[in-house]
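Each reported figure results from applying straightforward, stated rules to the coordinates on display, with no laboratory input. Remember, it's a predicted structure, so these values are computed and weren't measured experimentally. Reconstructed Cβ throughout: ideal geometry from the backbone, glycine too, with neighbour counts over all protein chains shown.
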Amino acid sequence: MEIPDELLCVFSAEVTEQQDSYCIEVPKNELEVGDVQNGEVYRVALLSTESGGESPSEPKSSQKRNRGGPEPPVEEGESRTVDIEDIGEQGDGIARIERGYVVIVPDAEKGERVTIEIEDVTETVAFAEVIERKDYYE
C-alpha cells in the first residue's frame, strides 16, 4: 500500500450509528498533539481490522503486525532520539515519529528530548525506555 506524505495521523476507531448517519470519533489527543484541526475537512481512509488468521490469544510479539496497512516505523531494540510532546492519561511521555506513529515513554516529561530504546511494537503504538536524557539543543 502506498502511504502518502500528507498522512497526518493513524488511529483505531469504531464506526457507530448516530441518528441517520454513522460516525468515527477522532481521539482528542490527535487534535491536542497532532496536526488535525477542529472544523477542518480531511480525507479519511478505512482499513479492515479482520484478523487474517491471527489469534487474539497469541502474545503481541508473535502476531503478524501488517494487516494491509503500513509497517510500524520502528523495530524492537531500535534506539531513537525523540522529543516528548505530551503526557498521556497514565502519566507516560508521548512522542510522535514518522506518519504520526505514537511512542509511549514512561518516566519522561513534556518538552524533554530523550534517547529511547524500543521495547515493544504494535501496529499502532510502540513502548520504549529512556536510555539517555539530552540537552534540547544537542
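Taking 0.36 nm per residue of sequence separation and subtracting the Cα-Cα distance, how much length would be gained by fully extending the chain between L8 and T81, in nm to one decimal? Working shown, then result.
On the way: separation 73, 0.36 × 73 = 26.28 nm, distance 2.08 nm.
Once the chain is fully extended between L8 and T81, it gains 24.2 nm.
Rounded to whole numbers, the Karplus 3J(HN,Hα) couplings from phi for the stretch 28-35 are 3, 4, 5, 7, 6, 10, x, 9 Hz, using 6.51 cos²θ - 1.76 cosθ + 1.60 with θ = phi - 60°, and x at Gly and Pro.
Once both labels are positioned 7 Å from their Cα atoms along Cα-to-Cβ, the gap between E129 and N38 label points is 4.0 nm. Taken one residue at a time, the phi angles of the stretch 98-106 give Karplus couplings (6.51, -1.76, 1.60, θ = phi - 60°) of 3, 6, x, 4, 8, 10, 8, 10, x Hz. Gly and Pro are set to x. Of V15, V36, the sequence from fewest to most neighbouring Cβ atoms within 10 angstrom is V15, V36.
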